[in-house]
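Working notes, beginning with the structure itself.
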Amino acid sequence: MWFKVISILIAAVCLLKAGIGLLAPVYFYRVRERHYRASRIPLAVLTVVGSLVTLTAIAWYATFTADVRFGWIVTAFLTAVAILAIVNLTRWDLHRQTAMIAVRSVAKRRAVDILLITFGIGFLMLAWRVY
């Protein structure tokens, strides 16, 4: 049950972010640019990273307490993304410069959004067919 809920949550976040990024790119990426222009880490970014780390801890708890086939996929994915997010926070100045380049490139934004749609569909299928 844990992994089904977490997989659906991951899928929803991926599909929602990609959907907004593709359907309302001007507004969405203007907000992202404002975040990356800030020299201090914005509260919204800290909130997302905190939620991600919490969800990762829940996934690890479920991994050790529930014997679910392929549960490691969810745990490994969340762990990798959480580590990347924490590294980006610790190197905020470098991350915001790199992210600004990606945010200003329509092709790179579209590639990321398509990748997120792929992940979203993958995790939805995982929740539906495996868990």
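Values quoted throughout were computed directly from the atomic coordinates according to the rules given, and no laboratory measurement underlies them. All values reported here derive from a predicted model rather than from experimental measurement. Cβ: placed from backbone, ideal geometry, glycine included. Neighbour counts: every protein chain shown.
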* Size of the dipole of region 2-130 about the Cα centre, Lys and Arg at +1 and Asp and Glu at -1 on the beta carbon, nothing else charged, in debye to 20? -> 460
* Asked: Does anyone have the angle between helix 25-37 and the longest principal axis of the chain? Alpha-carbon axes, 0 to 90°, nearest 10?
  -> 80
* Apply the Karplus parameterisation 6.51 cos²θ - 1.76 cosθ + 1.60, with θ equal to phi minus 60°, to every residue of region 115-131 and state each ³J(HN,Hα) to the nearest whole Hz, in sequence, with x for glycine and proline. => 4, 5, 4, 4, 4, x, 5, x, 6, 5, 5, 4, 5, 6, 9, 9, 8
* To do: Evaluate E = 1/(1 + (r/R0)^6) for Ser39 and Ile114, where r is the Cβ-Cβ distance and R0 equals 35 Å; express this FRET efficiency to the nearest 0.05.
  => 0.65
* Residue exposure sequence - Ser51, Ser7 - by fewest surrounding Cβ within 10 Å -> Ser51, Ser7
* To do: For region 1-60, just say rounded, prolate or oblate: build the C-alpha gyration tensor, square-root its eigenvalues into a ≥ b ≥ c, call rounded for a/c under 1.5, and beyond that prolate if a/b exceeds b/c, oblate if not.
  => oblate
